[in-house]
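Report on one structure; see the data block that follows.
Read the figures in this text as sums done on the coordinates, not as results from a lab. This structure is a prediction, so every number in the text was calculated from the model and none was measured.
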């Protein structure tokens with residue numbers, strides 16, 4: 001069994017060097033940042049700092065060497081084998097015919113040492129959080145392994161399949177240009193700023209109440225603490241908006257650098273990234289669903305994101321997480337049909353054939369719960385302030401504030417309900433199902449009836465009497481994201497879903 005490339009040790013020790021510094025700083029931050037500490041105390045602590053760093057770093061060195069000596073992989077005629085781990089050793093065997101997705105990833109440090117991580121996944125629900133096979137090798141070796149595994153997966157041992165670039169930054173149909181990236185960034189920032197502005201308006205009202213409390217000398221020092229806490233929260237929200245702008249810019253220009261979709265035989269390969277480069281390969285027949293998502297600002301401006309539901313496609317073995325893979329990060333809503341016609345023509349969404357049957361159920365339960373919570377909160381606050389002897393002006397201000405907040409929340413929910421009422425619907429056409437759902441965030445999910453494994457009704461006695469229900473469909477995907485809900489539809493749709501399941 002071949003070991004991983006030795007440069008894995010050097011790369012890991014470089015990243016561990018910075019990790020050791022951070023870890024040591026966490027332990028010694030009280031000494032370094034203590035206002036009473038003087039220069040003599042800090043200089044006296046340097047030997048302990050050096051010894052502590054050496055001990056921590058030595059532990060990392062020993063672990064990396066042991067991991068290198070106990071890990072490796074092997075390709076046989078029918079399967080790929082891999083073993084890894086130090087304290088908990090794992091040995092995985094995966095047949096080529098069961099390979100679901102093959103992904104290559106490089107972060108900045110790995111690119112410096114010219115190594116890459118190759119993950120091979122079967123798409124099993126039991127291992128949806130981590131790929132079965134992980135290989136750390138030289139970059140050119142990983143590329144060769146990726147091609148060889150694709151050939152073996154398709155039982156081809158001759159020349160590699162012809163590659164055709166379907167979409168790229170240079171393509172006339174889809175170009176994720178700098179202008180689009182800036183627009184994509186600002187849309188995300190505006191979404192964050194909208195929430196911040198809404199929070200700021202509510203904060204102004206509450207600050208006014210706080211000032212009134214301070215003027216009345218009610219609650220004393222506690223009133224001052226409450227006001228300061230609120231001001232700090234507002235500052236934190238504004239700071240988050242700034243970080244959101246910076247993060248979106250980095251994600252747009254660096255994360256999606258040189259975005260390319262390539263067809264290799266029956267496989268689709270998606271490549272992107274500058275500092276951390278991703279190359280994800282999967283078979284078209286392994287796609288379970290295509291999801292078209294729109295946030296509120298995207299809906300207003302006519303843009304959307306196209307994502308894929310493919311088990312194993314975006315497995316992150318380092319962070320132990322999976323999520324939907326991005327097919328197209330940002331495009332005009334009107335371009336979706338043309339883009340999918342070129343990349344995945346079977347998943348072009350159909351127009352809605354059904355619509356929400358009633359508006360009232362979208363708001364009824366929320367209004368009832370909000371009314372109960374608001375009434376209980378008001379009664380409790382009034383009783384507490386009456387016991388404490390609060391002035392009538394403060395009690396009135398608190399009542400108006402809580403009522404105003406409840407009304408504001410109700411208005412937001414009402415807007416969401418209106419959008420949900422207009423969005424929810426379903427289309428069934430030649431074994432293809434298109435589900436429309438969502439309020440402020442609209443989602444269009446396109447999947448094949450063959451991937452539908454269950455359909456159920458979610459209703460109440462009153463809704464059942466009116467002949468309406470919420471339809472919940474379960475797809476043949478990982479257990480974390482296999483539900484699609486279409487709300488307030490006619491219950492006759494359930495019978496149609498049952499017929500699809502029988503077929």
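Seen from all sides and averaged, what is the projected area of the convex hull of the Cα atoms in segment 361-421, in nm²? Could you put the intermediate results ahead of the total?
On the way: hull surface 15.6 nm².
Value for segment 361-421: 3.9 nm².
Here segment 44-135 is treated as a sphere whose radius is the Kirkwood value from Cα pairs; by Stokes-Einstein at 4 °C and 1.567 mPa s it diffuses with a coefficient of 83 µm²/s. Kirkwood analysis of segment 321-473, using all unique Cα-Cα pairs, places the hydrodynamic radius at 19.4 Å.
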